[in-house]
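Below is one structure; the comments refer to it alone.
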Amino acid sequence: MQGTMMDFPLTLAHVLGRAGQLFGATEIVSRLPDKSLHRQRYADFHRRAKALGAALQKLGLKKGDRVATLMWNHYAHLEAYFGIPCAGGVLHTLNLRLHPDDIAYIANHAGDRFLIVDDVLLPLLEKFSAQVKFERVIVVPLTGAAVPQGCDDYEQLLAAAPAFVQPALDENDAAGMCYTSGTTGKPKGVVYTHRSIVLHALATATVDVLGLSNRDSLCPVVPMFHVNAWGLPFSAAMTGAKLAFPGPHLDAVNLLDLCQDERVTLSAGVPTIWMGMLQALQKEPKRWKLQNNLRMVCGGAAAPESMIRAFDQFGMRVIHGWGMTETSPLGAINFIKRELEGLSPDEEYAVRAKQGVPPPFVELRTMSENGEAPWDGKAMGELQVRGPWVAAGYHELPSETDQWTKDGWFRTGDIAILDQHGYMKIADRIKDLVKSGGEWISSVDLENALVAHPAVLEAAVIAAPHPKWDERPLAVVVLKPGQSATAEALREHLAPLFAKFWLPDAVLFADAIPKTSTGKMLKATLREQYQNYFT
Ligand code: ADP
């Protein structure tokens, strides 16, 4: 029997139309390079995104053509987020923190035809322009400086655009693409569809995920070149929530000012951002007046329990989530389920420090050598995931099939534990796990315990080769400015929390921990540095 429902494609054209028609008065605020605030409304965004689409069509954009962006988080990037896919193109966000040679490799591999670039990023473009062949380079004049010869001026292009004609879109048409940041090897492209983005936005907005409402004011700190700023710009347009973009100013003071002045109710970013914000708040606890219960989505790396507790003291709520470029990224989100009501505060914090439960339509499992691992809160296994916004392959890498199982699950490369209530906890990346004498040690657990020590700012635990045990944990610790602690004191701090064989054999001190383009600890570099420490 056939259903009797309309065949109505799930596309971004609907989301853009809805934002313009229903939420035209909602504000979009962007911090510009000179730190002033640019303000426009959803009505302007709706008009200008369509003008961008029409301008690109006039330049010859065809269905499926890739349009790259090299931009910070701001109003024009939001226009590109919708203007490009609604015109049938594919939004390809380039990561401006990568090495210029890597950006060139990615733009060439993706086959990008056009580029939209912030004027303040032209010096970066200069570094790889000889290696790429964009047909047109469209410059967004954020500073008001003249656009260089040979480039198009974004504002002039929009002003001269013909009327937008909406092409027919299928929900399975490509709408966006993003390359993995290469923490674990060569960057690989993931292509999102209209359908995957729309379903992801819808799930993100539900109450037990981020609970987004028209009354919210969102500040996406996570870059729009990092997995679509976790989909927040799409969810915001769908709900008509206010947006407050930080532009290039991601330091704690500018972010706190923006959150205060624009009455931000929800923000999102990696732990490094929140650790910086916490330090600023602790230094000047009375300086900012923030919205009560400001929600801070924290993902990309594990949120330490000590950080979740510390923000609670300021009436701010860290929401832990897990995801990957390949999962759009929402794969798990933390909320306290009804069946857990009545936990003691300590028990509740332990649950909140887990990465959470999958949202609707995402399924998780952990696989050990003996098949699916039990949901018992103890067994570790490789985390696998499936769902309508999980990648089924990489762009033009047909031989890269190892990351999918024969029965259709994506192998994340993370080692996780599922508990009886369905909460997932990341123990490690497979490569970072310490394998000592046949037992697994979670470097993430040790790191989180180390940063809970009052003198510790950051900690990385790595596996160092060991003649007797194969590998032993080695901790590299950065102390807070003006604080001191000995290696012995830190081992004593860990001792009551872990089995004896988990304790790092060495605790070393460093000035900084190397980071990736997305702010994650670059453990591969540390592993190389300390590979002969125990041998
Ligand atoms: P890359 O794979 O290049 O680092 P992604 O941004 O796709 O780029 O990173 C996804 C990975 O980040 C996950 O596989 C996981 O290892 C890690 N990750 C994401 N969120 C969390 C989290 N909340 N806790 C621990 N690790 C996380």
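The values are calculated or read from the model by the stated rules, or taken from the named source; none is laboratory data. As the structure is a prediction and not an experimental result, all values here were calculated from the model. Cβ atoms come from the backbone with ideal geometry, glycine included; neighbour counts cover every protein chain shown.
Applying a threshold of 6 Å to beta carbon distances and a minimum spacing of six or more residues, or different chains, the list of pairs starting in the stretch 302-326 at a residue that is assigned to a loop (DSSP other than H, G, I, E, B) and ending at one that is more than 7 Å from the ligand (Cβ to nearest atom) reads Ala303/Pro271; Ala303/Val318; Pro304/Asn448; Pro304/Val451; Phe314/Leu281; Gly315/Asn292.
Got at least one residue in the stretch 20-30 being on the phi < 0 side of the Ramachandran plot, crowded, with 24+ Cβ neighbours inside 10 Å and in the same structural domain as Asp173 (by TED's automatic domain parsing)?
Within the stretch 20-30, not a single residue is on the phi < 0 side of the Ramachandran plot, crowded, with 24+ Cβ neighbours inside 10 Å and in the same structural domain as Asp173 (by TED's automatic domain parsing).
Restricting attention to the stretch 38-71, the residues being closer than 21 Å to Ala237 by Cα and either part of a helix (DSSP H, G or I) or without any contact (Cβ under 8 Å) to a residue 24 or more places away in the chain (or both) number 15.
All of (1) buried (at least 21 other Cβ atoms within 10 Å of the Cβ); (2) out of contact with any strand residue (DSSP E or B) (no Cβ under 9 Å at 6 or more places or on another chain) hold for Gly321 with one exception: (2). For the stretch 196-216, a residue qualifies if it is in contact with a Pro (Cβ under 7 Å, 6 or more places away or on another chain) and assigned to a helix (DSSP H, G or I), and the qualifying residues are Ser196, Leu199, Ala203. Here Glu79 passes the criteria (1) touching a residue at least 40 places away in the same chain (Cβ under 8 Å); (2) touching a Leu at 6+ places or on another chain (Cβ under 8 Å); (3) acidic (Asp, Glu) except the one numbered (1).
Report yes if some residue within the stretch 257-267 is within 16 Å of the ligand (Cβ to nearest atom), closer than 30 Å to Lys431 by Cα and touching a helix residue (DSSP H, G or I) at 6+ places or on another chain (Cβ under 8 Å); otherwise report no.
Within the stretch 257-267, the subset within 16 Å of the ligand (Cβ to nearest atom) is 267.
Going one step further and asking which of them are closer than 30 Å to Lys431 by Cα, we end up with none.
No, every residue in the stretch 257-267 fails to be within 16 Å of the ligand (Cβ to nearest atom), closer than 30 Å to Lys431 by Cα and touching a helix residue (DSSP H, G or I) at 6+ places or on another chain (Cβ under 8 Å).
Has the stretch 365-374 got at least one residue that is modelled with pLDDT of 95 or more, buried (at least 22 other Cβ atoms within 10 Å of the Cβ) and either within 13 Å of the ligand (Cβ to nearest atom) or not in a strand (DSSP E or B) (or both)? No, the conditions are met nowhere in the stretch 365-374.
Considering only residues that are without any contact (Cβ under 8 Å) to a residue 40 or more places away in the chain and outside any helix (DSSP H, G or I), look in the stretch 97-134 and name the one that is farthest from Arg66 (Cα to Cα).
Going through the stretch 97-134, the residues without any contact (Cβ under 8 Å) to a residue 40 or more places away in the chain turn out to be 99-101, 103-104, 107-108, 119, 122-123, 126-133.
Now restrict to residues that are outside any helix (DSSP H, G or I): 99, 132-133.
On the way: His99: 21, Val132: 14, Lys133: 13 Å.
This residue is His99.
Checking the condition surrounded by fewer than 20 Cβ atoms within 10 Å (Cβ to Cβ) and either at pLDDT 95 or above or of a type in the set (Lys, Arg) (or both), which residue from Val165, Val227, Val198 passes? Show your work before the answer.
Working: Val227 fails: surrounded by fewer than 20 Cβ atoms within 10 Å (Cβ to Cβ); Val198 fails: surrounded by fewer than 20 Cβ atoms within 10 Å (Cβ to Cβ).
Exactly one residue qualifies, and that residue is Val165.
Evaluate the stretch 462-472: report whether one residue or more is in contact with a His (Cβ under 6 Å, 6 or more places away or on another chain) and in the same structural domain as Met521 (by TED's automatic domain parsing).
Going through the stretch 462-472, the residues in contact with a His (Cβ under 6 Å, 6 or more places away or on another chain) turn out to be 472.
Filter again for in the same structural domain as Met521 (by TED's automatic domain parsing), leaving 472.
Checked against the condition, which is being in contact with a His (Cβ under 6 Å, 6 or more places away or on another chain) and in the same structural domain as Met521 (by TED's automatic domain parsing), the stretch 462-472 yields at least one hit.
Per-residue answers, yes or no, for (1) within 21 Å of Ile333 (Cβ to Cβ); (2) away from the ligand (no atom under 16 Å from the Cβ); (3) in the same structural domain as Gln291 (by TED's automatic domain parsing):
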position	(1), (2), (3)
Pro187	no, no, no
Tyr192	yes, no, no
Val198	yes, yes, no
Arg215	yes, yes, no
Val227	yes, no, no
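The set of residues from the stretch 477-535 being touching a Gly at 6+ places or on another chain (Cβ under 8 Å) and either surrounded by fewer than 18 Cβ atoms within 10 Å (Cβ to Cβ) or not hydroxyl-bearing (Ser, Thr, Tyr) (or both) comprises Phe501, Gly519, Lys520.
Exactly one residue among Pro358, Pro345, Pro329 is surrounded by fewer than 15 Cβ atoms within 10 Å (Cβ to Cβ) and not small (Gly, Ala, Ser), and that residue is Pro345. Screening Thr183 on (1) within 15 Å of the ligand (Cβ to nearest atom); (2) farther than 22 Å from Cys86 by Cβ; (3) at pLDDT 95 or above shows it passes everything except condition (3).
As a summary of the residue check, Leu450 satisfies the conditions (1) within 16 Å of the ligand (Cβ to nearest atom); (2) in contact with a helix residue (DSSP H, G or I) (Cβ under 6 Å, 6 or more places away or on another chain); (3) in contact (Cβ under 8 Å) with a residue 24 or more places away in the chain except for the one numbered (2).
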